[in-house]
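The values are calculated or read from the model by the stated rules, or taken from the named source; none is laboratory data. From a predicted model like this one, the values you see are computed outputs, not experimental measurements. Glycine gets a Cβ as well: all are built from the backbone with ideal geometry, and neighbour counts include every protein chain shown. Please note that ligands, DNA and RNA were not included when accessible areas were found on the heavy atoms of the full protein model with its side chains. Shrake-Rupley method; radii C 1.70, N 1.55, O 1.52, S 1.80 Å.
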Amino acid sequence: MEKKDIKKVLLLGSGALKIGQAGEFDYSGAQALKALKEEGIHSVLINPNIATVQTSKDVADTVYFQPVTPEFVERVIEKERPDGILLSFGGQTALNCGVELYEKGILEKYGVKVLGTPVQAIIDTEDRDLFVKKLDEIDVKTIKSEACSTVEEVQKAAHELGFPVILRAAYALGGLGSGFCDNEEQLLAQAEEAFSFSPQVLVEKSLKGWKEIEYEVVRDQYDNCITVCNMENFDPLGIHTGESIVVAPSQTLTNSEYHKLRALAIKIIRHIGIVGECNVQYALDPNSEDYRVIEVNARLSRSSALASKATGYPLAFVAAKLGLGYGLFDLKNSVFHGVKRQLGSSMKSVGEVMAIGRTFEEALQKGLRMIGQGMHGFVENHEIKIADIATSLHEPTDMRVFVVSKALQMGYSVEQIHQLTKIDRWFLEKLKHIVNIDEQLHEYAHLSEVSEFMEPSEFKEYLQSPEVALLLRAAKVYGFSDFQIARAVGLEHRMKMEQAGLTIRKWRKMQGLVPTVNQIDTLAAEYPAQTNYLYLSYL
């Protein structure tokens, strides 16, 4: 089927909320729908989960909030009569459903073409026996394993391979039913669980302790290939990737190991016949270059979303285009375009923080430290450089609160900032109060020198003098971190950053300035068991 003949495409979505599907595949499906829209193709989505991006208004042209099962999908196909179907963007659920539709002849019955990786290639990666035979054809090592249909076959395979072994349920989501077995008792218990998830159970020789490495690879129908990203698990083999820390790119591989596994990944997907994106997982011996291919996911995976965000290369978007018949040479080496930083009436945020304090200043500074951008609070963020303060105040961006900080420190009045931003003067006065305290702290830049030539008892007495004690207390009450104070009084120039903050903490404790735990709810005294909201305060 030519690209020009594809007018309507059915996409199997991310499915209901359960381990191994749902939100984790929302990203890939949404990117695929975006690619279809760009091509002017009518998109039909099946996804019962309303809490996703892909089911949002105008992402897909038609949405069916139905389970991703062969029965419901067939009814949608009968009604919509799509030209093609995309199977690899909804995780294992969508892939399994697509294979069943193919095997039952439903896709052929309605003339629906599978776009991207051929179904036989999917079957070759999903059926362990076929997978091992396929890779044996090109002399690629796989984990020694046996596919079993009964508990007796599992027992026989385990004894032939020798303990320890790992049992895996074929076609399962998120590694359901898998586990390590060191003896017969564990084997029987694990086999019972595995067969409850799948009719086929794989018994494999355990490689527990080997490194787990992944490669994200893209191939078009013309046999052009690229590896977009490689990753390694923080944990060795034996901990499911979903529970481990994943590092991209890999950090512990030698140059030889990296290129060996990369070349193998390309060799594998060419031989299997993947069209689009896939994930190749390896076990790598930490003491040699010996390896085993664990599996090939002929679909977008959790790792694909991570790789896309880590590299900026939109794997799912590109995979959808390749499924429509494009070659890699037709597509730009696409990277994500950053969202415009200007703010307006359309929401751009994808998260939020919450901070609680007894003063507005304290709550604000706590919140700013929590946004994950390396800020220390409202002030003492030396890393921030603003080229044009007036323009930045008038045309707000995501950095607007720090622009206000810089403006106040440069001498802008509350009224000037109000006129440029229309932020209420009450808030601006509070922000000015933070800057005033910061300026007072700067006047005590001699504190670090004083602490060096005074005896500890003398310095403690100096800290407890009214002017110093009140200023340090005010700084803490209004949300200054120990590091902010340390930077303001010049300690950062005399010692390491961590030590500077610890020094302020030590000074605070010398004058008894420590936080206390407070209950927010005024009814807490009467109903203590029902009140769990607590926060720290210096008041």
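Before moving on, here are some points about what is shown:
- Look at segment 289-304: where a residue is under 11 Å from Ile213 (Cα atoms) and of a type in the set (A, V, I, L, M) and a partner is in a strand (DSSP E or B) and open to solvent by less than 40 Å² (accessible area, probe 1.4 Å), sitting 6+ places away or on another chain with Cβ atoms under 7 Å, you get Val293/Thr142; Val293/Val280; Val293/Tyr282; Ile294/Gln281; Ile294/Tyr282; Ile294/Ala283.
- Within segment 404-431, the set of residues being on the phi > 0 side of the Ramachandran plot and either among the basic types (Lys, Arg) or touching a residue at least 24 places away in the same chain (Cβ under 8 Å) (or both) comprises just one member, Lys422.
- Selection over segment 357-397 of residues that are at pLDDT below 85, open to solvent by 60 Å² or more (accessible area, probe 1.4 Å) and not basic (Lys, Arg) gives a count of 7.
- Residue match in segment 28-38 (condition: assigned to a loop (DSSP other than H, G, I, E, B) and either at pLDDT 90 or above or surrounded by fewer than 24 Cβ atoms within 10 Å (Cβ to Cβ) (or both)): no
Here's the yes/no breakdown for (1) touching a residue at least 24 places away in the same chain (Cβ under 8 Å); (2) among the charged types (D, E, K, R); (3) in contact with a Leu (Cβ under 6 Å, 6 or more places away or on another chain):
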site: His159; (1), (2), (3): no, no, no
site: Ile166; (1), (2), (3): yes, no, no
site: Gly177; (1), (2), (3): yes, no, no
site: Leu187; (1), (2), (3): yes, no, no
site: Cys229; (1), (2), (3): yes, no, no
site: Asp235; (1), (2), (3): no, yes, no
site: Thr252; (1), (2), (3): yes, no, no
site: Arg262; (1), (2), (3): yes, yes, no
site: Lys267; (1), (2), (3): yes, yes, no
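- Residue match in segment 239-260 (condition: under 21 Å from Ser145 (Cα atoms), open to solvent by 30 Å² or more (accessible area, probe 1.4 Å) and touching a Lys or Arg at 6+ places or on another chain (Cβ under 7 Å)): no
- Only residues that are over 17 Å from Glu439 (Cβ atoms), within 37 Å of the chain's Cα centre (by Cα) and of a type in the set (S, T, N, Q) were counted across segment 482-518, and they come to 4.
- Within the set Tyr291, Tyr326, the sole residue that is modelled with pLDDT of 90 or more, open to solvent by 10 Å² or more (accessible area, probe 1.4 Å) and under 20 Å from Pro118 (Cβ atoms) turns out to be Tyr326.
- Flag if Lys134 is open to solvent by 60 Å² or more (accessible area, probe 1.4 Å) and among the basic types (Lys, Arg): no
- Hits in segment 369-401 (condition: within 17 Å of Glu352 (Cα to Cα) and assigned to a helix (DSSP H, G or I)): Arg369, Arg400, Val401
Per-residue answers, yes or no, for (1) hydrophobic (A, V, I, L, M, F, W, C); (2) in contact with a Lys or Arg (Cβ under 7 Å, 6 or more places away or on another chain); (3) open to solvent by less than 30 Å² (accessible area, probe 1.4 Å):
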position: Thr150; (1), (2), (3): no, no, no
position: Lys156; (1), (2), (3): no, no, no
position: Glu160; (1), (2), (3): no, no, no
position: Val165; (1), (2), (3): yes, yes, yes
position: Ala191; (1), (2), (3): yes, no, yes
position: Ser198; (1), (2), (3): no, no, yes
position: Val203; (1), (2), (3): yes, no, yes
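- Only one of the numbered conditions (1) more than 38 Å from the chain's Cα centre (by Cα); (2) open to solvent by less than 80 Å² (accessible area, probe 1.4 Å); (3) not hydrophobic (A, V, I, L, M, F, W, C) is not met by Ser405, and that is (1).
- Within segment 83-132, helices (runs of 4 or more DSSP H) holding 3 or more residues that are touching a helix residue (DSSP H, G or I) at 6+ places or on another chain (Cβ under 8 Å), within 28 Å of Val53 (Cβ to Cβ) and without any contact (Cβ under 8 Å) to a residue 60 or more places away in the chain: 91-103
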